[in-house]
Structures are given as C-alpha cells and as structure tokens.
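Any read-out appearing in this document is the output of simple, stated calculations on the displayed coordinates, not a laboratory observation. Computed from a predicted structure; not experimentally measured. No Cβ is skipped: glycine too gets one built from the backbone with ideal geometry, and neighbour counts run over all protein chains shown.
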Amino acid sequence: MKRSLRIFSCIKFFLFVFTALIMLLYQTGNAQVAVAISGNLSNIRSDIHIENKEPILGYDVGFSVQYYPIKRFERLSLINEINFRQKGYQQSFQKDYDFRFNYLSFPILIDYSLSPKFSVHTGIELAELVKTNVEGGMDTYEHFDVGLMFGANISGKGRLSYYSRLTYGLQPLLDYYGIDERGNFGNMIHDLKNICLSVGIKFNLRHERIQLYR
Amino acid sequence: MKEYSYIVRLILVVSCFALVACEGIFIPDPIDPRIPKYTETGNDVAGALINDEIWESVRSFSFPNYTQVSTIHIWPEKDSLEVCFFGETNSRSACIGFHLTDLGIQSFNDLKKLEGEKVSLDGEENLGYYFEDGVGGNQYGTGQVYFKQVLPKEDSGIILSGTFGFTITNGAHKGMNVLYGRFDYYIDKDTEVIIGDAG
C-alpha cells in the first residue's frame with residue numbers, strides 16, 4: 001500500500017512538473033512540443049545466467065518538450081519527455097515466456113545540434129513500472145528504474161523528425177532468492193537490467209524553438 | 001418462482017467464489033519460468049526439473065471436486081511421516097514424495113516443528129521418491145528437502161512452503177535428478193492429513 005502511494009505521488013509529481021513546464025513555455029516563448037512514437041527492441045543484461053534469453057519488440061508513446069536555456073550555446077537544448085514504454089525480454093523453451101514491463105518514463109536529456117538537421121542527445125531516464133504481464137509480477141520486480149540514454153535525431157520534412165535511442169538500464173529489476181539445485185538459499189539476487197533500442201518518429205505540435213533567455 | 005431464481009443466482013455466485021478460491025496460482029520463476037517462483041503464501045503450486053522435463057503441480061478445480069495436490073501421512077508410533085505432492089510431467093501423472101523419520105511429528109499440530117528443518121535425504125532413514133504413471137517401485141532418493149516455512153492458519157490448515165532436490169539412486173528411475181524443486185501448499189487438516197494406519 002505504501003509502495004503504491006509512493007509510486008502514485010511520484011507520477012503525480014512528474015506529471016505536475018511536466019504540465020507546468022509546458023504551460024510556462026507556452027506562455028513565455030515559442031514552444032517546441034512534440035508527440036513521439038517508436039518501436040523498440042528490448043532485452044535484459046544480467047550477471048546470473050538466464051537461459052535462452054531473447055529480445056522482444058515493444059513500443060514507446062509520449063510527449064516531449066525541447067527548450068534552449070543558454071543564449072551563448074544555441075546548439076545546446078534540454079529535452080523533457082513523458083513516455084509510456086513497453087520493455088522486456090523472453091525466454092524460449094518448448095514455449096516462449098514473455099516478460100513485458102510497462103513503464104511511465106520521464107527522460108531528461110541534453111541535446112546538441114551538430115548541424116541544423118542533425119543532433120545527438122544523452123541523459124537519464126527515470127521510470128516507474130505501472131504494469132506487467134507476469135502473474136504476480138508487481139510483487140516480484142522493482143517498480144523504479146533508472147537508465148542512461150544516448151540517441152540521435154534527424155529533422156525531416158516539415159514537422160517530422162526521426163530519432164533513435166539506446167536506453168541502458170542501471171537499476172536491477174529483480175530482488176529474488178538465490179536458490180541452488182538442491183534447494184539451499186544463498187544470497188539475495190539483485191539483477192536483471194533493462195537495455196532497449198528505440199527507433200521512432202516525432203511530430204512537432206509547435207515547431208518553433210523555445211528560448212528561455214531574452 | 002422468483003425465490004428459486006435467487007437461490008440459483010446464489011449458488012452460481014458461491015460456485016464462482018469457490019472456483020477462484022481453490023485454483024492454484026502459478027507465478028513463473030523469474031530465472032526459470034518453467035517452474036513456479038518460490039512463494040510462502042499458499043499458492044497451491046509446486047514444480048521441479050526432472051532431468052530435462054518439467055514436473056508441475058497446480059491445484060485445479062472442477063465442480064464439485066478439486067484435484068488433490070498434496071497429502072501428509074503421519075505414523076506417530078514410528079515417528080515417521082510421508083509427504084506426497086501430486087502433479088504431472090509432460091501430461092503424465094507423476095508424484096514426488098518424501099519418507100522422513102525422527103522429526104518428532106505425532107500429530108497435525110506437530111507439523112509446525114518442521115519449520116526451518118532442512119532434512120538431508122540419506123536414502124535410508126530419510127528418502128525422496130518419484131512415481132510416474134504409478135511406476136517407481138522402492139526408491140532411495142538422496143538429497144535434501146527444506147521446509148522453510150510452516151504457517152498455521154486459523155481455519156484448521158497450514159501453509160507449507162519449501163524446496164527440494166534429490167537424485168534417485170536405484171529402481172526404475174535410477175539416475176534421475178529432481179532439481180530446483182519448490183512447493184507452496186495450503187494443507188487442509190481434515191482432507192489432506194492422515195494420522196496412523198486408519199487413514
């Protein structure tokens with residue numbers, strides 16, 4: 001119950017900050033707000049051996065706000081996003097076992113334009129697990145995830161742009177018993193970290209740059 | 001006529017509740033999803049790797065009966081007990097069991113003494129066995145069974161959770177490895193525990 005409240009508070013906080021940011025930037029400057037949708041290929045990294053582990057296809061849907069905070073560095077911008085992301089992996093034996101985790105994620109990125117059409121970005125992603133297809137999975141897996149993000153953006157025609165992004169999870173998803181083949185309990189396992197490659201399209205709702213300086 | 005329709009509805013609702021209440025809950029293990037996750041909540045489920053096959057025991061319900069997934073037979077005069085888990089290996093009926101002695105179990109209430117007991121299966125006084133479609137014979141499985149938690153419930157039952165792993169050293173299943181076993185059952189005092197030979 002406490003955990004649910006914490007998640008709810010966290011989501012509310014991020015939603016508040018995100019909404020406030022959009023409203024502020026609409027008021028003070030020209031907003032560059034975009035809708036983004038992408039497909040992703042995700043998997044997990046682990047220290048323990050996970051047998052027959054394979055990547056799965058997932059998706060990301062969300063909004064982003066990009067703004068330019070420093071006059072002297074016009075090539076530099078910040079991107080805040082709110083995304084619904086599906087990540088996970090599968091294990092294939094006689095049948096496939098899918099582990100799908102749906103996150104509400106809040107990336108905070110620094111973007112640097114190498115040319116008017118091309119930019120690279122990096123930053124962190126904070127994410128909350130909101131749902132999983134695993135029976136009882138909300139009790140098995142960590143709800144909070146942190147990852148590093150690296151990506152690139154290519155401006156297309158008009159309001160469209162294309163991006164690719166790698167998310168490298170830092171937070172172990174799993175806290176579970178280490179049980180050997182005879183049934184002895186060893187140390188707790190803190191393992192399984194997300195890794196995810198996304199390729200997608202952004203559609204700018206407001207095409208102009210947001211500048212936080214006069 | 002109206003009264004009858006209420007009774008029918010009531011029976012349907014009660015049946016639905018009974019269905020939900022008696023089904024085993026298979027939560028896949030996060031490391032090997034073919035076997036159930038280790039839990040201590042009375043999910044009425046067990047699993048193990050039998051060589052390269054999966055043995056699985058999940059309580060299912062089909063009105064008016066439910067499948068019996070476990071029994072505990074206590075012989076107070078011999079200070080011994082037999083714990084049996086019923087399931088399937090690749091759709092073949094299969095049972096995993098343990099014959100244990102000198103644990104001081106004389107009655108249902110004594111089962112609490114099993115909590116935390118890691119019993120070494122030496123193949124003589126304490127042993128594990130595996131029957132498939134009734135085939136097994138006398139077996140002397142050596143390894144271990146660990147009763148990690150025994151939780152008495154107010155409604156005359158206990159939750160019995162633990163792990164096991166053993167190797168069968170003789171008989172029809174000689175050389176068979178029963179590994180990564182885990183169980184989490186609600187054991188009903190009246191229907192799943194037998195005291196003495198009377199049964």
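Report relative contact order for region A:54-124 in percent, whole number only (criteria: Cα-Cα under 8 Å, sequence separation at least 6).
Rounded, it is 29 percent for region A:54-124.
Which FRET efficiency, nearest 0.05, do B:GLU53 and B:SER120 yield, Cβ-Cβ r, R0 22 Å?
0.30
Give me a single rounded figure for B:23-31: the average over its residues of other chain Cβ atoms within 10 Å of their Cβ.
Average neighbour count from other chains, rounded to a whole number: 6.
Within 10 Å of each Cβ of A:175-181, how many other protein chain Cβ atoms are there on average?
Neighbouring Cβ atoms belonging to other protein chains average 6 per residue here.
Quote the relative contact order of chain B in percent (integer), defining contacts as alpha-carbon pairs under 8 Å separated by 6+ residues.
Relative CO of chain B lands at 21 percent.
Determine the sum of side-chain charges near A:ASP145: Lys and Arg each +1, Asp and Glu each -1, restricted to other residues whose C-beta is under 12 angstrom from that of A:ASP145.
Every neighbour counted, the sum reads 0.
If we count every other residue with Cβ under 15 angstrom of A:ASN133's Cβ, Lys/Arg +1 and Asp/Glu -1, where does the sum land?
Neighbourhood net charge equals +2.
Angle between the Cα long axis of helix B:2-22 and the longest principal axis of chain B, 0 to 90 degrees, nearest 10?
It works out to around 20 degrees.
For peptide A:130-139, compute the average count of partner chain beta-carbon atoms within 10 Å of each residue's beta-carbon.
Taking the mean over all residues of the peptide, I get 3.
Under the definition of Cα pairs under 8 Å and six or more residues apart, what whole-number percent is the relative contact order of region B:100-181?
For region B:100-181, the relative contact order is 25 percent.
When the Cα centres of region A:82-150 and region B:121-199 are compared, how far apart do they sit, in Å?
For region A:82-150 versus region B:121-199, the Cα centre distance is 42 Å.
Which GluC sites (Glu not before Pro) does region B:93-199 hold that lie in a coil by DSSP with at most 14 other beta carbons within 10 Å?
Passing sites in region B:93-199 are B:GLU124, B:GLU125, B:GLU154.
Please identify, among B:GLY136, B:GLY87, B:GLY47, the residue showing maximal mean-square fluctuation in a Gaussian network model of chain B using a 10 angstrom Cα cutoff.
Comparing B:GLY136, B:GLY87, B:GLY47 in the GNM, the peak value goes to B:GLY136.
Take peptides A:122-131, A:93-102 and line them up by average Cβ neighbours within 10 Å, highest first, as a rough protection proxy.
The densest-packed peptide leads the list: A:122-131, A:93-102.
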